[in-house]
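Heads up: the structure comes next, in structure tokens.
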Amino acid sequence: MPKIVVVEDQQVLATVYRNKFLAEGHQVEVAIDGEAGVALINRVKPDLVILDVMLPKLNGIEVLKKVRANPLFETLPVIIFSNASLPGMVEEAWKAGATMVLSKSSHSPKQIVESVRCALQSTGNQKLETKTAANAHLRSSDSLMSSEKTPGHVLLIEDHPDVRALLSSLLDQAGHQVTSVESHAGALRKAKLQEFDLFLINRICPDGPGLTLCRQLQELFPRQPIVMYSTAALPAEQQAGLDAGARAYLAKTSELLNIGSFLSSVMAA
């Protein structure tokens, strides 16, 4: 039975989450401030933590940093859950080691339960993959070395700060160096000043559609792969991106969440 710790100072919300997770068959413990949350996590050693940002005594980012500093909790799933619209909060949460960053206003309790289920399932899969990879290494270390993914320097063109923070974090976790810009004009300036191994382009930015930038970069840097992405892109738009010179067009959420390993394979091809 998975153990969940909820760190939430609003009693009503804490009770709602607690009852919802109990109904799903989880063990649930609640803390109402940051200091109590750190102590509870250290004592309970949960399978997952739901953590508000705006907390008394220690805010959620500070709690997360203390949790990640403990070797026991390096891979513990931690879902940051807040309505706080503080500048840079999302990016700071990702940098501190959040597994997910969700909004209270846009996620129902049912959606939160589903997010927790996915996070717990992902953790279980990662443990299985780690064990399998270790066994494979013992069988043939030479084979493993030959199949290692190649990190590279990625130029990310994305104007939305939350999406930019998420993708930058995922790429960083995969070992890539990331430079991000918010516009096509900024992308062209950066690309002319330094060398990149891959260009990652959003479907649209304030100064134009991604197709236009894709064509420009393809003309200027024909040897560098280009990957476009948008979960809102229609099949015809995806094909147009490929026709414009993109090596791939990512249109599924699952593809974006695995973007680090995917770009590694593109650069290694």
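The values are calculated or read from the model by the stated rules, or taken from the named source; none is laboratory data. All values reported here derive from a predicted model rather than from experimental measurement. Note: ideal-geometry Cβ built from the backbone for every residue, glycine included; neighbour counts use all protein chains shown.
Here are a few things to note about the model shown:
- Segment 4-32, subset acidic (Asp, Glu) and touching a strand residue (DSSP E or B) at 6+ places or on another chain (Cβ under 8 Å), residue modelled with the lowest pLDDT: 8
- Among residues of segment 183-195 that are free of Cβ contacts under 8 Å to residues at least 12 places away in the same chain, none has a Cβ under 6 angstrom from a residue that is not basic (Lys, Arg) at a sequence gap of 6+ or on a separate chain.
- Flag for residue 138 being part of a helix (DSSP H, G or I), out of contact with any Lys or Arg (no Cβ under 7 Å at 6 or more places or on another chain), modelled with pLDDT under 65 and not hydroxyl-bearing (Ser, Thr, Tyr): yes
- Hey, residue 198 touching a strand residue (DSSP E or B) at 6+ places or on another chain (Cβ under 6 Å), buried (at least 18 other Cβ atoms within 10 Å of the Cβ) and touching a residue at least 12 places away in the same chain (Cβ under 8 Å) or not: yes
- Filtered by the rule that a residue be touching a helix residue (DSSP H, G or I) at 6+ places or on another chain (Cβ under 9 Å) and in a helix (DSSP H, G or I), segment 218-227 gives a lone residue, 220.
- Boolean, residue 129 is acidic (Asp, Glu) and at pLDDT below 80: yes
- Filter result for the condition that a residue is among the hydrophobic types (A, V, I, L, M, F, W, C) and without any contact (Cβ under 8 Å) to a residue 12 or more places away in the chain, over 39, 31: 39
- Picking from residues in segment 187-217 that are of a type in the set (A, V, I, L, M), farther than 12 Å from residue 245 by Cα and in a helix (DSSP H, G or I), the one that is nearest to the chain's Cα centre (by Cα) is 187.
- Here segment 218-238 is the region considered, the condition is being closer than 30 Å to residue 118 by Cβ and loosely packed, with under 14 Cβ neighbours inside 10 Å, and the residue that is nearest to the chain's Cα centre (by Cα) is 231.
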